[in-house]
Every structure is written in C-alpha cells, then in structure tokens.
Amino acid sequence: MTALRSRANLSAQDRGASSTPPLAAKDTPPKSISKPTAYESDPDEGPSRLSLLDVLRVLGGLFLLSSSLSYFITGDSILWGYRPAITRPARIKAWLHGPYDLTDAQLLIYNGSDPSLPILVAVNGTIYDVSASPHFYGPGGSYSFFAGRDATRSFVTGCFDTDLNGDLRGVEEMFMPVEEEAGRELTREERRERKLKRERERRVARKKVDEAVRGWERLFDGGKDGKYFLVGKVDRGPGSGWEGWGDVKELCQKAREGRPRRTAEEVG
Ligand code: HEM
C-alpha cells in the first residue's frame, strides 16, 4: 500500500496537479501525453489499481482473522470445526496403508493391544478405524470388547458376553411380541390371520434391526465429527452368505427379556 501511495503522489506531481508546481515545469514545453489503450497499463493511473500481491495480502489477513476467531471460539479448530482428512494423521496413515480387507481371524490383531496398529471394529462386514477413541475401544476401554471383531449382533442385542459376532439371523425376534397361548382353540381362519400377522411383524422387526445396524454404521463412517472412518471389508470368501455360520443362535437372555408381550386375550 505504501508503494501505491508513493506512486499516487508521484503521478499527481507528474500531472502538475500540485498547488505549487516546480518552476522548471513552466519553462519546459508540454510533452504530448498519449492516452493508454484499454490493454496498456498506465503507471500514472494512480491509487485505484490493486496488484495481485495486495489481493493476496488482504485474503491472507482475512484468513488469519477468521482462524484466530475460530480458534478463540471453538478452542481447538482454526476452521470453525471443519477438519479435512488431510489434517488427520490417522486418515493419512490409513490412506498410505491401503484398504484393510481382513478375515475375521486377521481382524483380531487390531484390537488395540498392539499400539503400533490402528484399532478397528467391524459392523455388518465393513471395517472402521476407531483409533481416535482408545478410551472406548482400547485396552481397558468401556467398549474394548468390540475392537478387532465384527460384533454386529451384540450392537443390536446389547449382550456383550454372548453375542460378539456378526450373525444377525433371528435377531429380529427381539422386536417381536412373545405370545401367550390363547385360552381356547383358534379357528382355522384365526390361525391363518395370526400367521399373516406374525409375518408382518417379522418384516417390521427386520427393518428395526436394519435401522439399528445403519445407526452404528453411520457413527463409524464419519459420524461424531468424522473421527472414525471406513477402512475396508471383512473378507469372508466367496458366497459370504450365512452358510458356514452353523445353526441359528438363540436370542440372548437380555434381548429375550426385553421382548414385548401379547396376552392370551389379545391372541384369542
Ligand atoms: C445395545 C446396547 C448398547 C450398545 C451396543 C452400546 C454401545 C456403545 C458404543 C459403541 C459407544 C461408543 C460410541 C463412540 O465411539 O462414540 C457407547 C458409548 C456410550 N454408552 Fe453405550 N451402548 C449400549 C447401551 C448403553 C446403555 C444401556 C447405556 C447407559 C446405561 C450406555 C451408555 C453409554 C455412554 C454414557 C456412552 C458414552 C457416550 C459419549 O461419551 O459419547 N450405553 N455405547
């Protein structure tokens, strides 16, 4: 800006705009002044012209001001809480490592016991990096049993001792009413209606399981301000269906006890 100002003063003098022009200016014949074309820059144009450097300075100043304000207000962010992946070391590390496509057995290594490895959890066959919360998932953390495995079943049932696996078969029953026996023999039509009702209830219950699972997926895939993130898939080989998972497991006690009830009168 100082440069601009001195240029402005100079140009004013050159044009003879000063109230006391130098004497020598009177004696010398006036120079012919050619007007600059639209494409030529006129060094005498004065203070209205901004150089690129000036623009950069202004933008830099504004950024500095905004960053300081943001840090002052949020306490830990210079971008008003926005934390791009490039500023997160865990993301960069994971990106350099490449996708973690692991079998269930390989996944176990990432349970937080080796501090040089990230802490990973899996939900519904997708693996997420949760290293940002060792107090939850690291050794001694309140949810450390989730680390290094796909424990989707227990994410839904809440049974952290028996259900630390990814088998969702039959889990929907936790949302379906337990029916008491009807106090009398049901007619054929009533039995048919009851069966249809159960099928409807099962569909609704499966949706609830899906919603519960989606909720956890959302948390681990960028939720909570992006501190967790997706890193790979559980490799379960070709097919990856439920074959090979054995018999359908019984609903755990806690989930059984939480089921809604339907009395004999309601059934009959
Ligand atoms: C199906 C049952 C439950 C599951 C699967 C579950 C799972 C979790 C998980 C994974 C976290 C860590 C979230 C994160 O990484 O940010 C968490 C946090 C927490 N859970 Fe649970 N939880 C369950 C039930 C409960 C219950 C019944 C309570 C209370 C009695 C509870 C209290 C808490 C608290 C206080 C936190 C910390 C929240 C925070 O600081 O953001 N949870 N839970």
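Residue by residue through the stretch 232-265, note down the ones that are within 16 Å of ARG153 (Cα to Cα), of a type in the set (Lys, Arg) and more than 16 Å from the ligand (Cβ to nearest atom).
LYS249
How many residues are in a loop (DSSP other than H, G, I, E, B) and either in contact with a strand residue (DSSP E or B) (Cβ under 7 Å, 6 or more places away or on another chain) or more than 18 Å from VAL234 (Cβ to Cβ) (or both) when one looks only at the stretch 144-164?
If we filter the stretch 144-164 for residues that are in a loop (DSSP other than H, G, I, E, B), which is where we start, we get 147-149, 151, 158-164.
Applying the additional criterion that residues be either in contact with a strand residue (DSSP E or B) (Cβ under 7 Å, 6 or more places away or on another chain) or more than 18 Å from VAL234 (Cβ to Cβ) (or both) yields 147-149, 158-162.
Residues flagged as in a loop (DSSP other than H, G, I, E, B) and either in contact with a strand residue (DSSP E or B) (Cβ under 7 Å, 6 or more places away or on another chain) or more than 18 Å from VAL234 (Cβ to Cβ) (or both) within the stretch 144-164 amount to 8.
Filter the stretch 220-231 down to the residues that are in contact (Cβ under 8 Å) with a residue 40 or more places away in the chain and more than 11 Å from the ligand (Cβ to nearest atom), then identify the one that is nearest to ARG259 (Cα to Cα).
Here is the first cut: in the stretch 220-231, the ones in contact (Cβ under 8 Å) with a residue 40 or more places away in the chain are 220-221, 225-231.
Keeping just the survivors that are more than 11 Å from the ligand (Cβ to nearest atom) gives 221, 226, 229-231.
On the way: ASP221: 30, GLY226: 34, PHE229: 33, LEU230: 33, VAL231: 35 Å.
Looking at residues that are in contact (Cβ under 8 Å) with a residue 40 or more places away in the chain and more than 11 Å from the ligand (Cβ to nearest atom), I get ASP221.
Does GLY141 meet the test of being closer than 20 Å to ILE92 by Cα, assigned by TED's automatic domain parsing to the domain that holds ASP221 and not in a strand (DSSP E or B)? Break it down into steps so the answer makes sense when it comes.
Values: closer than 20 Å to ILE92 by Cα: no; assigned by TED's automatic domain parsing to the domain that holds ASP221: yes; not in a strand (DSSP E or B): yes.
Here the answer is no, as GLY141 does not meet what is asked.
Within the stretch 59-73, does at least one residue satisfy the condition of being away from the ligand (no atom under 16 Å from the Cβ), over 14 Å from VAL231 (Cα atoms), at pLDDT below 95 and in a loop (DSSP other than H, G, I, E, B)?
no
Sort out which residues of the stretch 110-127 are farther than 20 Å from VAL209 by Cα and either assigned to a loop (DSSP other than H, G, I, E, B) or within 11 Å of the ligand (Cβ to nearest atom) (or both), and write them in order of number.
Here is the first cut: in the stretch 110-127, the ones farther than 20 Å from VAL209 by Cα are 110-120.
Correct list: ASN111, GLY112, SER113, ASP114, PRO115, SER116, LEU117, PRO118, ILE119.
Out of the stretch 153-178, which residues are surrounded by 18 or more Cβ atoms within 10 Å (Cβ to Cβ) and near the ligand (Cβ under 8 Å from one of its atoms)?
Result: SER154, PHE155, VAL156, THR157.
What number goes with the only condition from (1) surrounded by fewer than 17 Cβ atoms within 10 Å (Cβ to Cβ); (2) under 21 Å from the mean Cα position of the chain (by Cα); (3) closer than 23 Å to ASP247 by Cβ that GLU211 does not pass?
(3)
What are the residue pairs meeting all of these: first residue in the stretch 204-219, first residue at negative phi, second residue of a type in the set (Lys, Arg) and modelled with pLDDT of 95 or more, Cβ atoms under 7 Å, and 6 or more apart or on different chains?
Partner pairs satisfying both residue conditions: none exist.
Does LYS208 meet the test of being at pLDDT below 95, outside any loop (DSSP other than H, G, I, E, B), assigned by TED's automatic domain parsing to the domain that holds TYR100 and within 14 Å of the ligand (Cβ to nearest atom)? Show your work before the answer.
Working: at pLDDT below 95: no; outside any loop (DSSP other than H, G, I, E, B): yes; assigned by TED's automatic domain parsing to the domain that holds TYR100: yes; within 14 Å of the ligand (Cβ to nearest atom): yes.
Answer is no for this residue.
The values are calculated or read from the model by the stated rules, or taken from the named source; none is laboratory data. Note that the structure is predicted; figures quoted are calculated from it, not measured. All Cβ positions, glycine included, derive from the backbone under ideal geometry; neighbour counts span all protein chains shown.
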